[in-house]
Amino acid sequence: MKWLVITDPGEVKKLAGLTIDWMRMMAENEDAVHPLKPVFPALVGLWDAGLDPICRGAPCLVYAYAENTLAYTDSIIALSTFDLMAPSFELGTCWAGLLQIGAMEYQPLKDELGIPEEYVPQYALMVGYPKYKFKKIPGRKQADIIWR
Ligand SMILES: Cc1cc2nc3c(=O)[nH]c(=O)nc-3n(C[C@H](O)[C@H](O)[C@H](O)COP(=O)(O)O)c2cc1C
């Protein structure tokens, strides 16, 4: 797997804007089908109100990409390791799932990412300096485990 690291906040915002363009197009097209389509109008509305619900104003984006979809697991392991290590470097992260779903579908967003055509964008993390410090671990659902 390979990495694309974007450290220009303007470029991160541009990618968020292209994701919104795609969501707007999907929302306006009655025939378009996507499992997250019901939330697109709300996300577009937030963007139009001056917020960034896609990259959350993050200054940096880390994209894992690879030759084929088989490397998906490798990429997620690498990104999860990055995610876990980031606080040791006083960085905060957030999985960029909304950006990724756009990057899988929307050619102008793919073009802007500039990942070579023979490679597949696997997944991304937003990276920034955390505004808040952890006071306690957030509540978790109980683990759903089948024991045998
Ligand atoms: C696969 C995946 C995609 C995600 N995509 C987004 C996203 O696009 N935007 C966002 O704000 N949070 C997204 N999240 C949620 C955050 O990254 C984070 O997991 C969530 O806020 C819970 O954080 P915590 O586990 O530290 O409590 C995603 C999470 C996962 C697992």
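A few comments on the model shown:
- Signed unit charges on C-beta, dipole axis of the chain, positive-most listed residue 77, 1, 32: 77
- Size of charge dipole - segment 1-58 - debye, nearest 20, with Cβ of Lys, Arg +1 and Asp, Glu -1, no other charges: 260 debye
- For the chain, built as a Gaussian network whose Cα springs stay under 10 Å, the top-fluctuating residue of 54, 137, 101: 137
- Using the Cβ-Cβ distance between residue 56 and residue 90 with R0 = 25 Å, the FRET efficiency computed as 1/(1 + (r/R0)^6) comes to roughly 0.90.
- Within a Gaussian network of the chain (alpha carbon springs, distance under 10 Å), most fluctuating of 113, 98, 51: 51
- Here the contact order of the chain, divided by its residue count and restricted to Cα pairs under 8 Å and six or more residues apart, works out to 31 percent.
- Site pair residue 42 and residue 146 shows an inter-label distance of 3.2 nm when each label is modelled 7 Å from Cα along Cα→Cβ.
- When the Gaussian network model of the chain links Cα atoms closer than 10 Å, the mean-square fluctuations of 92, 45, 128 top out at 45.
- Ignoring aspartates and glutamates fewer than eight residues from residue 133 along the same chain, the ones with Cα atoms less than 14 angstrom from its Cα are 90.
- The alpha carbon centroids of segment 102-132 and segment 67-86 are separated by 14 Å.
- Pairs with C-alpha atoms separated by more than 24 Å, drawn from the list 13/131; 14/37; 37/110; 37/141, are 37/141.
- The length gained on full extension between residue 112 and residue 11, counted as 0.36 nm times the residue separation minus their Cα-Cα distance, comes to 35.5 nm.
- Rolling a 1.4 Å probe across the protein heavy atoms gives segment 2-128 an accessible surface of 54 Å² per residue.
- Prolate/oblate/rounded call for the chain, Cα gyration tensor, a/c under 1.5 rounded: rounded
- Between the listed residues 66, 51, 114, the Cα displaced farthest toward the positive end of the dipole of segment 1-141, a dipole computed from Cβ unit charges relative to the Cα centre, is found at 51.
The values are calculated or read from the model by the stated rules, or taken from the named source; none is laboratory data. The structure presented is a predicted model; accordingly, all values stated were derived computationally and were not measured. Don't worry about glycine lacking a Cβ; one is built from the backbone with ideal geometry, like all the others, and counts go over all protein chains shown. Areas reflect the complete protein model, heavy atoms only, side chains present, ligands, DNA and RNA absent. Shrake-Rupley method; radii C 1.70, N 1.55, O 1.52, S 1.80 Å.
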